[in-house]
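Okay, so here's the structure we're looking at.
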Amino acid sequence: MKPVLKFVLAACPHCRRSERLEKELIELHPEYASVEIEVVDEGEQPARADKYDYYKVPCYFVGEEKISEGVPSLRGVEAVFKAALSD
C-alpha cells in the first residue's frame, strides 16, 4: 500500500467535504478502510507544505504523485483510494 498525504486548511469547506466523501466511499467499499491518510494542515506546517507542488486544497498525494487537487469529487477521492491500493 502506498502512503497518502492530504493537505488541508482548517477553515476550508472543500476540505470538510473531502472528509465526508472519504467516509461515504469507505461505507460503499470497506476495503478502502485500510488506507491511512495523513492529513497535514498547511496553516500549521507551512514548511512541509512548501515542499509539494500544489495550489489548492484539499490536495492528495499518493507517494509522490498528485492525484486530486481542489474541489473534491467522489470520482477524485476514489482515485486516491485506488492509487493507494494499487501495486
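The values are calculated or read from the model by the stated rules, or taken from the named source; none is laboratory data. Remember, it's a predicted structure, so these values are computed and weren't measured experimentally. Note that we place each Cβ from the backbone using ideal geometry, even for glycine, and neighbour counts take in every protein chain shown. Surface areas here come from the heavy atoms of the whole protein model, side chains and all, with no ligands, DNA or RNA. Shrake-Rupley method; radii C 1.70, N 1.55, O 1.52, S 1.80 Å.
Rounded to the nearest Hz, the phi-derived 3J(HN,Hα) couplings of region 60-67 under the Karplus curve 6.51 cos²θ - 1.76 cosθ + 1.60 (θ = phi - 60°) are 9, 10, 10, x, 9, 8, 6, 9, where x marks glycine and proline.
For the chain, the relative contact order comes to 43 percent (Cα pairs under 8 Å, sequence separation of at least 6). Taking other residues whose beta carbon is less than 14 angstrom from the beta carbon of D53, and scoring Lys, Arg as +1 and Asp, Glu as -1, yields -1.
Only lysines eight or more places from K82 in sequence, or on another chain, were considered; those with a Cα closer than 17 Å are K2, K6, K23, K66. Cross-link reach is defined here as a Cα-Cα straight distance under 16 Å, omitting same-chain residues fewer than 8 places apart; for K51 the aspartates and glutamates meeting it are E38, D41, E42, E64, E65, E69. Protein heavy-atom accessible surface, 1.4 Å probe, per residue over region 1-72: 63 Å².
Projecting label points 7 angstrom from Cα along Cα→Cβ for I26 and K51 puts them 2.5 nm apart. Using a Förster distance of 30 angstrom, determine the FRET efficiency expected from the C-beta separation of E19 and E44, and round it to 0.05. Taking R0 as 30 Å, the efficiency between E19 and E44 is 0.95. For region 12-87, the fraction of 1.4 Å probe accessible surface lying on carbon and sulfur atoms is 48 percent. Between the helical axis of 74-85 and the dominant principal axis of the chain, each derived from Cα atoms, what acute angle in degrees is found, rounded to the nearest 10? The helix 74-85 is inclined about 80 degrees to the chain. Loop-located GluC sites (Glu not before Pro) in region 1-38 (DSSP state not H, G, I, E or B) with no more than 14 neighbouring Cβ atoms inside 10 Å: E36. When the trypsin sites (Lys or Arg not before Pro) in the chain are filtered for DSSP coil states and for at most 10 other beta-carbon atoms within 10 Å of their beta-carbon, the remaining sites are K51.
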